[in-house]
Amino acid sequence: MRELLLRFIIGGCVVSSFATLGLLFKPKTFAGLFGAAPSVALATLGLSVSANGRVFAATEARSMMAGAVAFFAYVSMVTWLTGRENRNILAVTSSGILLWLSSAFGLWYIFLR
Amino acid sequence: MKIEFNPSAVASATWREYAIRFLLGGLVTAGAGLIARKFGPVIGGLFMAFPAIFPAAATLIEEQDERAGSSTKSGEHRAQVDVGADAAGAAAGSIGLLAFAAIVWRILPTYSPSFTLVVATLGWFGLSFLGWILIDRFWR
């Protein structure tokens, strides 16, 4: 429970710090870089190493590569549908999570299982 | 395109917006830890690149644009263009995210965690920046 609380606080701080960095820069395309910052990984890996060791954390990082490819598919879809097709923002960004899940688990099934 | 640094933009966001980002970031980080504990590092690692904060961030961009230019049709269009631009930047950032993960995977078993995270973060920013230069050319 203590570890979970620690993860919550550290994760909240790191993620909101990167989100704030994104507010500081223009143009919006540059600010968007911080939306794909490795904030969860930075908050998690140190704790993961101390709790489970380096090999465990390195294995998480290998899977994170599949998550990053799925993230690319997700933001590409959001770019296409909001920037070019003028669709509803919340509907696109929320339903796109299904694309992330299917891409990430598809890559897991093919390469990591 | 020239990069501009605008520290006063921090004041344009409300406490509610900061709280939402903190809450979502905390929940995703804690959730990724729980999933790794329950299903192991192979499944848990996937969620280290989960875009949970993105829908909230996009909605906050929309709210900020509405505050700046009222909720007219042109204000809606501006929000869609801004979210599209933000997502295009995130696409460049995801190339860096992939590099970050690859660096950690390859060097963490050999080097210290702090050294690994510094090198991987530099790798993330370097590749993201290169990706942004490419995307910025197509975006205009």
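The values are calculated or read from the model by the stated rules, or taken from the named source; none is laboratory data. Note that the structure is a prediction, hence the values are computed from the model and not measured. Cβ sites come from the backbone with ideal geometry, for glycine too, and all protein chains shown count toward neighbours.
For the reader, a short list of remarks on this structure follows.
- Residue within the range A:74-86 that is touching a Phe, Trp or Tyr at 6+ places or on another chain (Cβ under 7 Å), small (Gly, Ala, Ser) and without any contact (Cβ under 8 Å) to a residue 40 or more places away in the chain present: no
- Screening the candidates A:Ser103, A:Ser76 for the property of being within 26 Å of B:Ala58 (Cβ to Cβ), more than 7 Å from chain B (Cβ to nearest Cβ) and out of contact with any strand residue (DSSP E or B) (no Cβ under 7 Å at 6 or more places or on another chain) yields one hit, A:Ser103.
- Taken over the range B:1-33, the criterion of being surrounded by 17 or more Cβ atoms within 10 Å (Cβ to Cβ) and in contact with a Lys or Arg (Cβ under 7 Å, 6 or more places away or on another chain) is satisfied by B:Thr29, B:Ala30, B:Gly33.
- The single condition from (1) farther than 26 Å from B:Pro7 by Cβ; (2) at the interface with chain B (Cβ under 8 Å from one of its Cβ atoms); (3) not acidic (Asp, Glu) that A:Ala43 fails is (1).
- Cβ pairs under 7 Å, 6+ apart, first in the range A:1-19 and within 20 Å of A:Phe34 (Cα to Cα) and more than 8 Å from every other protein chain (Cβ to nearest Cβ), second buried (at least 22 other Cβ atoms within 10 Å of the Cβ) and hydroxyl-bearing (Ser, Thr, Tyr): A:Phe18/A:Ser39
- The range A:85-100 - residue that is more than 25 Å from A:Phe8 (Cβ to Cβ) and at the interface with another protein chain (Cβ under 7 Å from one of its Cβ atoms) and, of those, modelled with the highest pLDDT: A:Ile89
- Check on A:Ser48, polar (S, T, N, Q), crowded, with 24+ Cβ neighbours inside 10 Å and either at the interface with chain B (Cβ under 7 Å from one of its Cβ atoms) or farther than 28 Å from B:Trp132 by Cα (or both): yes
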